Amino acid sequence: MAFNEQTFPALECVLIGLQTTIFQSIPLILLMALIFSPSAGSAEEKVTFAFFARGWPPFEMVVDGEPRGAAVDLFNALMPNNVDAVVEMMPAPRLVLKNSGKPMFVRLTARKWMGPKFNCLWSVPVVAIRTVLYSSAQKPVEYSGADSLKGLTIGCIKNYVYPEVQSLFDEQKAIRYDVNNETLLLRMVKAGRVDVAVLDDVSAAWMVRGTKGLTAADFYVAKQALAFVELQFAFNLDESWQKQMPTLNDTIRKRQADGTIDGIMARYK
């Protein structure tokens, strides 16, 4: 397009019209910016559930490539409303809880399972499970304290902490035999390759019911539990997140009272 002196008056009118339209639109633009601003009506915090990629059935399971399980359901049901709750699969999820400050991560776990290097923010207890002793039905072992396990081979999950029997390992009074998952451990108990296995009652019962070749009749579960374990949400340490803890703890108590948490756990029994 060629410009000459006659073009400028017309162009000037166009520019004035555009300027007027823009200034008239500023209030609308500001309103839209407020509505769609990330700080308006959206989550104030992002919290990631650090999901164990290898699984901890029925609390953490990969189903059709997606993270599922009781821990995920509890996480989604109990996080405060102003939190952006996401789940991310990780090969070593506990390690992110050693970090201080954001980003925020959380796991459902027990205090006694975490080593002294973990300085976490802990919720009130969410659910309780029993730590029990599994042995073969053909060679049952009753538990009456750590001394009753002396001389036995105790099947364990690699990298897991077992406070109730750790003294036996430290003093070489029992043999620790590590495997990668609970299903393999149960198969080894059934086959007599290990004398006993220390498992939580919810996970063990779930896997026995859902694993081909295993039945409840294959095992003896000691009458006396080794321990009762309370599972809590453990967050990496962050001062700003401490403000959310009273709200989270109130929600947990309310959902315990109204049966929501029992309802979630009932899906996995």
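The values are calculated or read from the model by the stated rules, or taken from the named source; none is laboratory data. Predicted, not measured: the structure shown is a model, and the values here were computed from it. FYI the Cβ positions are ideal-geometry reconstructions off the backbone, even for glycines, and counts take in every protein chain you see. The protein model used for the area step is the full one, side chains on, heavy atoms only, and it has no ligands, DNA or RNA in it. Shrake-Rupley method; radii C 1.70, N 1.55, O 1.52, S 1.80 Å.
When you scan region 231-240, how many residues do you find that are charged (D, E, K, R) and either surrounded by fewer than 15 Cβ atoms within 10 Å (Cβ to Cβ) or under 14 Å from residue 94 (Cα atoms) (or both)?
1
Under 6 Å between Cβ atoms, at least 6 apart or on separate chains: pull out the pairs that start in region 190-215 with a residue that is under 13 Å from residue 155 (Cβ atoms) and end on any residue that is surrounded by fewer than 20 Cβ atoms within 10 Å (Cβ to Cβ) and of a type in the set (D, E, K, R).
190/218
Kindly indicate whether residue 128 is in contact (Cβ under 8 Å) with a residue 40 or more places away in the chain, loosely packed, with under 13 Cβ neighbours inside 10 Å and either under 23 Å from residue 260 (Cβ atoms) or in contact with a Gly (Cβ under 6 Å, 6 or more places away or on another chain) (or both).
In short, yes.
So for region 154-176 (the condition being open to solvent by less than 20 Å² (accessible area, probe 1.4 Å), β-branched (Val, Ile, Thr) and closer than 30 Å to residue 256 by Cβ), does at least one residue qualify?
Taking every residue of region 154-176 in turn, at least one turns out to be open to solvent by less than 20 Å² (accessible area, probe 1.4 Å), β-branched (Val, Ile, Thr) and closer than 30 Å to residue 256 by Cβ.
Scan region 36-65 residue by residue and report those that are open to solvent by 90 Å² or more (accessible area, probe 1.4 Å) and either hydrophobic (A, V, I, L, M, F, W, C) or modelled with pLDDT of 85 or more (or both).
36, 46, 54, 64
Looking only at residues in region 137-153 that are touching a residue at least 60 places away in the same chain (Cβ under 8 Å) and aliphatic (A, V, I, L, M), which one is surrounded by the fewest Cβ atoms within 10 Å (Cβ to Cβ)?
Filtering first and then ranking leaves 137.
Consider residue 250 against the criteria (1) over 18 Å from the mean Cα position of the chain (by Cα); (2) open to solvent by less than 20 Å² (accessible area, probe 1.4 Å): it satisfies all of them except one. Which criterion is unmet?
Every condition holds for residue 250 apart from (2).
Which residues, counting only those in region 72-93, are in contact with a Phe, Trp or Tyr (Cβ under 7 Å, 6 or more places away or on another chain), outside any strand (DSSP E or B) and in contact (Cβ under 8 Å) with a residue 40 or more places away in the chain?
75, 93, listed by residue number.
Mind checking which residues of region 75-92 are open to solvent by 40 Å² or more (accessible area, probe 1.4 Å) and closer than 18 Å to residue 265 by Cβ?
76, 77 - these are the residues of region 75-92 that are open to solvent by 40 Å² or more (accessible area, probe 1.4 Å) and closer than 18 Å to residue 265 by Cβ.
Please tell me if residue 229 is under 30 Å from residue 146 (Cα atoms), among the β-branched types (Val, Ile, Thr) and either modelled with pLDDT of 95 or more or more than 22 Å from the chain's Cα centre (by Cα) (or both).
So residue 229 does not fit the description; no.
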